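Below is one structure; the comments refer to it alone.
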Amino acid sequence: MEDPELAVWLGRLQEESFDRAGSATRTAYPPERRMTGPQLAGYLERRSYALASSARPDGRAHAAPTLYSIYAQAFWLPTVGGAVRLRNVQAHPWLALSVLEGDHDAHAAVLTEGPAEALTAVPDDVWELTRRRNDGGSVDWATAWLRMTPQRLFSFAEVAWQESGSS
């Protein structure tokens, strides 16, 4: 079920991101191909996994799929202690998340990035929300969490994706 406050926040974050973006980004993501706030909320609530990108302590790139939840205007990622992405965020407290689907003229993408922090405990609401997003499966394996507070968010949705009602 779509959260109207989430839609407003995501829409505003995207608008502010495009206002600060360079001309190349604004050209690559034309307004008619961007998701609306309600589309962003619906899409991100429907999708459960993102590709998390971080920098290793020595600067090399690292990317791995991850379960995520959105709560209190942040993305929350469960992980296990000792995970590469956990060490990466401790060394370079920044994450980029990519949520993609489809191909060619029916693809969509949401890209977001911001400062991140490693946590050993999260609010009970985050735990329960993430358990539900994990198809009701346990998240007892999550001994650490990453919280990313997005500073930038961009979306792109091809016409066929938008017309299919995929949002």
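Do we have S138 as surrounded by 13 or more Cβ atoms within 10 Å (Cβ to Cβ), of a type in the set (G, A, S) and touching a helix residue (DSSP H, G or I) at 6+ places or on another chain (Cβ under 9 Å) here?
Spelling it out, it is not the case that S138 is surrounded by 13 or more Cβ atoms within 10 Å (Cβ to Cβ), of a type in the set (G, A, S) and touching a helix residue (DSSP H, G or I) at 6+ places or on another chain (Cβ under 9 Å).
Within the set of pairs 6 or more residues apart or between chains, which connect a residue that is of a type in the set (F, W, Y) inside the stretch 109-132 to a residue that is open to solvent by 70 Å² or more (accessible area, probe 1.4 Å) with Cβ atoms less than 8 Å apart?
none
Tell me yes or no: at least one residue of the stretch 2-25 is in contact with a Phe, Trp or Tyr (Cβ under 7 Å, 6 or more places away or on another chain), open to solvent by 40 Å² or more (accessible area, probe 1.4 Å), among the aliphatic types (A, V, I, L, M) and touching a residue at least 12 places away in the same chain (Cβ under 8 Å).
no
So which residues in the stretch 110-158 are under 23 Å from P38 (Cα atoms) and aromatic (F, W, Y), if there are any at all?
The answer is F154, F156.
From the set of residues in the stretch 38-51 that are open to solvent by 40 Å² or more (accessible area, probe 1.4 Å) and part of a strand (DSSP E or B), which is farthest from L129 (Cα to Cα)?
Just the residues of the stretch 38-51 that are open to solvent by 40 Å² or more (accessible area, probe 1.4 Å), to begin with: 38, 45-47, 49, 51.
Those left that are additionally part of a strand (DSSP E or B): 49, 51.
Values: Y49: 14, L51: 19 Å.
My answer is L51.
Give the residues of the stretch 106-140 that are over 19 Å from T25 (Cα atoms) and part of a loop (DSSP other than H, G, I, E, B), sorted by residue number.
Matches in the stretch 106-140: T120, A121, V122, P123, N134, D135, G136, G137, S138, V139, D140.
For S17, indicate whether it is in a strand (DSSP E or B), of a type in the set (S, T, N, Q) and farther than 17 Å from A144 by Cβ.
On the way: in a strand (DSSP E or B): no; of a type in the set (S, T, N, Q): yes; farther than 17 Å from A144 by Cβ: yes.
It is false that S17 is in a strand (DSSP E or B), of a type in the set (S, T, N, Q) and farther than 17 Å from A144 by Cβ.
The values are calculated or read from the model by the stated rules, or taken from the named source; none is laboratory data. Since we're looking at a predicted model, the values are computed, not measured. With ideal geometry, Cβ positions are generated from the backbone for all residues, glycine too; neighbour counts draw on all protein chains shown. SASA here: full protein model, heavy atoms, side chains in, ligands and nucleic acids out. Shrake-Rupley method; radii C 1.70, N 1.55, O 1.52, S 1.80 Å.
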